[in-house]
Amino acid sequence: MTRPVKVLVVGAGPVGLVLACHLRRLGMSVRVIEKRAGPSEHSKAIGLQYRVSEVLARLGVVDRFTAEGGNPTSVNLYAGQERLVQLHFVAPARISGRGAFQPRAILIPQSRTEAILLEYLRELGGTVEWRTDHP
């Protein structure tokens, strides 16, 4: 008889939530603790890089992100009315075979990223212990 694996994930930000979801998908027992009182209401980031979309595809939730987020081709950064810089997104070419997942940038606030991952964690039977800063 094998004992269930128990994992402590400290932090319910995007990285902690992705890890917890992945471990739950593998059937592992996971405890997620977070010192904040609840999910983020504000964003510290505006989007996800190409590689992140691949990770989300393997996790089985990339469609949730692409349904809510944009797929930018460029982003302008301003200071007041003055455009400081324009960033162009160029998709990596020929890295996936025919019919395979094509990585993409996804423009979505971090607060929505966390909300989607938290919802998925709950679907997988996981929870977050808010206002907890020690095991």
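Results, tabulated for the structure shown:
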| item | result |
| --- | --- |
| The chain - charge dipole about Cα centre, Lys and Arg +1 at Cβ, Asp and Glu -1, debye rounded to 20 | 440 debye |
| Cα gyration tensor category, rounded, prolate or oblate, for region 18-88 with a/c compared to 1.5 | oblate |
| Nonlocal amide H pairs with GLY47, under 5 Å, H built at 1.01 Å | ILE108 |
| Table column - 3J(HN,Hα) (Hz), region 117-125, Karplus curve with 6.51, -1.76, 1.60, x for Gly and Pro | 5, 5, 4, 5, 4, 5, 4, 7, x |
| Cβ-based charge dipole, the chain, positive-most Cα from GLN86, VAL55, GLY27 | GLY27 |
| Structure-derived log10 I(q)/I(0) by the Debye sum over Cα atoms at q = 0.15, 0.17, 0.22 Å⁻¹: which label, when the choices are (1) -0.73, -0.95, -1.55; (2) -0.78, -0.97, -1.41; (3) -0.81, -0.96, -1.29 | (3) |
| Integer Hz, Karplus 6.51/-1.76/1.60 couplings in order for region 67-72, x for Gly and Pro | 5, 9, x, x, 10, x |
| Accessible carbon and sulfur surface of region 6-92 relative to its total accessible area, %, 1.4 Å | 55 percent |
| Helix-only mean residue ellipticity at 222 nm for the chain, each DSSP H run of n ≥ 4 adding -39500 (n - 2.57), per residue, nearest 500 | -9500 deg cm²/dmol |
| Rel. contact order, % - alpha carbon contacts under 8 angstrom, at least six apart, the chain | 38 percent |
| Candidates LEU17, LEU121, LEU77: whichever shows maximal mean-square fluctuation once the chain is modelled as a Gaussian network with Cα springs under 10 Å | LEU77 |
| Rounded to the nearest 10 Å², the accessible area of TYR78 at probe 1.4 Å | 130 Å² |
| Per residue accessible area in Å² of region 32-84, where ligands, DNA and RNA are left out and the probe is 1.4 Å | 68 Å² |
| Under 5 Å, built H, 5+ apart or other chain: amide partners of VAL32 | VAL9, THR127, GLU129 |
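The values are calculated or read from the model by the stated rules, or taken from the named source; none is laboratory data. Remember, predicted model here, so these are calculated numbers, not experimental data. Quick reminder, even Gly has a Cβ in these numbers, built from the backbone with ideal geometry, and neighbours come from all protein chains shown. Accessible surface areas use protein heavy atoms only, side chains included; no ligands, DNA or RNA. Shrake-Rupley method; radii C 1.70, N 1.55, O 1.52, S 1.80 Å.
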